[in-house]
Amino acid sequence: MGMPKGRFFGRICNMKKYIPITEQPYCCVPACIQMLLLRRKLPLKSQEEIGHDLGLIVPQKYRALFRKVRTGKKPKSGWGTQTGKWIYSVNNFFKKSKINLKEEFFFLTKPKEIKEFLKENLAKKDIIACFNYQRLYNKAGDATGHVSIIESIEENYLTLIDPVYDVPKYRRVSLKKLAEAIQLHGKEKRAGFWVIS
């Protein structure tokens, strides 16, 4: 049997080969952190542990699904982690966990600059994209923030690994739609790119 040929095979060969992980409710950030720790062959923690360190807060009705979790008033940034606060930041999580990684935040909203940025950084670094879920995927409902790991870029399209339980793990999105979804979610909610190196 011969090797597959064509653009699809080329795209697969360039992938970093993250192992997709499905998130617990409101744990998209912890799931993405698990994926990058796994790829780097670093010790794993549970989504609950990572989430707690990142300030995870969930609606009261989901409390029973966790052993240790915060509930209360919905934060401005929405349910889930509170990585915009230093005490719950990704960098503070790495520091407390003695993981020799750092996160840098970039707010980019123009497709061309995003494309150049990703071409420059994606080969050597892990990149998590934070965006408005409804805008990116044309869904109705309240605006919610979401994150996914960027797997690859090809022309004006990205392949994201989405930890949501009921969607395909590999999702192809246009740079234009991602830029719109980042702009809508906003810098103050940490929309943009979280670069891990």
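Filter the cross-link list LYS17/LYS102; LYS95/LYS124; LYS74/LYS125; LYS119/LYS177; LYS125/LYS177; LYS68/LYS95 down to pairs whose alpha-carbon distance in this structure exceeds 28 Å.
Table pairs above 28 Å Cα-Cα are LYS74/LYS125.
Report, in order of residue number, the helices in the chain meeting two criteria: a C-alpha extent of 27 Å or more along the helix axis, and a mean Kyte-Doolittle hydropathy of at least -1.0; treat each whole DSSP H run as one helix.
Helices meeting the criterion: none.
Within the stretch 118-168, report the GluC sites (Glu not before Pro) that DSSP leaves as loop and that have at most 10 other Cβ atoms within 10 Å.
GLU155
On the principal axes of its Cα set, how long, how wide and how thick is the stretch 73-157? Give whole Å, largest value first.
Its Cα atoms span 38, 38, 18 Å along the three principal axes.
Given labels modelled 7 Å from the Cα in the Cβ direction, how far is it in nm from SER174 to ARG63?
4.5 nm
Counting each pair of different Cα atoms once, what's the Kirkwood radius of the stretch 59-105 in Å, rounded to one decimal?
12.4 Å
Which loop chymotrypsin sites (Phe, Trp or Tyr not before Pro) in the stretch 107-145, with loop taken from DSSP, have no more than 15 other Cβ atoms within 10 angstrom of their Cβ?
Hits after loop and neighbour filter: PHE107.
Can you give the translational diffusion coefficient of the stretch 107-197 in µm²/s, computed by Stokes-Einstein from the Kirkwood radius over Cα pairs at 20 °C and 1.002 mPa s?
Result for D is 165 µm²/s.
Report the semi-axes of the equivalent ellipsoid for the chain in whole Å, largest first, where each axis is √(5λ) for an eigenvalue λ of the Cα gyration tensor.
For the chain, the semi-axes come out at 27, 19, 17 Å.
Report the charge-dipole magnitude of the chain in Debye, nearest 20, computed about the Cα centre from +1 at each Lys and Arg Cβ and -1 at each Asp and Glu Cβ.
240 debye
Taking the Cα centroid of the stretch 174-197 and of the stretch 91-113, what is the distance between the two, rounded to the nearest whole Å?
Here the two parts' Cα centres lie 13 Å apart.
Skipping prolines and chain starts, which residues have an amide H placed within reach, meaning under 5 Å, of the one on SER148, given they are 5 or more residues away or on another chain?
Residues meeting the criterion, in which the H sits 1.01 Å from N, are ALA129.
Near LYS73, which aspartates and glutamates are there with a Cα under 17 Å away, not counting those fewer than 8 places off in the same chain?
Result set, ordered by chain and number: ASP142.
Over the Cα atoms of the stretch 19-116, what radius of gyration and what Dmax do you get, in Å?
14.5, 44
Strictly greater than 13 Å: what percent of every Cα pair in the stretch 97-147 meets that?
For the stretch 97-147, the fraction of Cα-Cα distances above 13 Å is 69 percent.
Readers should treat all values here as calculations from the given coordinates under stated rules, not as data from a laboratory. What you see is a predicted model; the values in this text were computed from it and never measured. No Cβ is skipped: glycine too gets one built from the backbone with ideal geometry, and neighbour counts run over all protein chains shown.
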